[in-house]
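The values are calculated or read from the model by the stated rules, or taken from the named source; none is laboratory data. Just so you know, these numbers come straight off a predicted model, no measurement behind them. A quick note on method: Cβ atoms are made from the backbone with ideal geometry, for glycine too, and the neighbour counts reach across all protein chains shown. Calculation scope for accessible area: heavy atoms of the full protein, side chains included, ligands and nucleic acids excluded. Shrake-Rupley method; radii C 1.70, N 1.55, O 1.52, S 1.80 Å.
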Amino acid sequence: MQKNKAEAGSSPAGVVRVIKKYPNRRLYDTDTSSYITLAEVKSLVMDNELFVVRDAKTNDDLTRSILLQIILEEETAGVPIFTEQVLANIIRFYGHAMQDFMGTYLEKNVQIFMDLQNKMTEQTKGLNPEVWKQFTNVQSPLMQGMMGTYMEQSRSAFTQMQEQMQKNSEQMMAALGLKR
């Protein structure tokens, strides 16, 4: 997992925790010298810990597959984030020329939303439940301002993606000797 040093939880700056996955599907945390569960890996994610999951035999990076496994468990255990339509649309991007752009766009958009959530959490520390309910009311000016900021940043990320696509298209056309 890649995070900047400021986001790292209790790991010393730049130190990446190594978790080894054995053929018996067990996960071994080399930091604590003990086996851990997927729930404990999820806790590392929630705590912004820097870590990588490696195959114990081949040393291949398995971090993405473990993170996807956590997402799958979360999606099947409670209230899912992704609807069937969203999942189907994501699948349609695999192998498509837009796959790289979509991945980048989603990454930027989720980061923008995480920044918004962190800002909201920081601004609402210590609020009682009634005030929190008023704060999260979509009609409140503060909430409208935050959502407006999110929408503007999302629009900016989309515009950047469009500009990159345009630039790539122009380069490809020039390489083929075609002018626009």
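General observations
- Length released on extending from residue 90 to residue 37, taking residue separation times 0.36 nm less the Cα-Cα span: 16.3 nm
- The label-point distance for residue 68 and residue 121, in a model that sets each label 7 Å from Cα toward Cβ, rounds to 2.7 nm.
- Carbon and sulfur %, accessible surface of the range 36-105 computed with the full protein complex present, 1.4 Å: 59 percent
- Taking a ≥ b ≥ c as the square roots of the eigenvalues of the Cα gyration tensor, the range 83-126 is oblate, since a/c reaches 1.5 or more and a/b is not larger than b/c.
- Highest mean packing first, where packing is the average number of other Cβ atoms within 10 Å per residue, the peptides 85-98, 48-61 line up as 48-61, 85-98.
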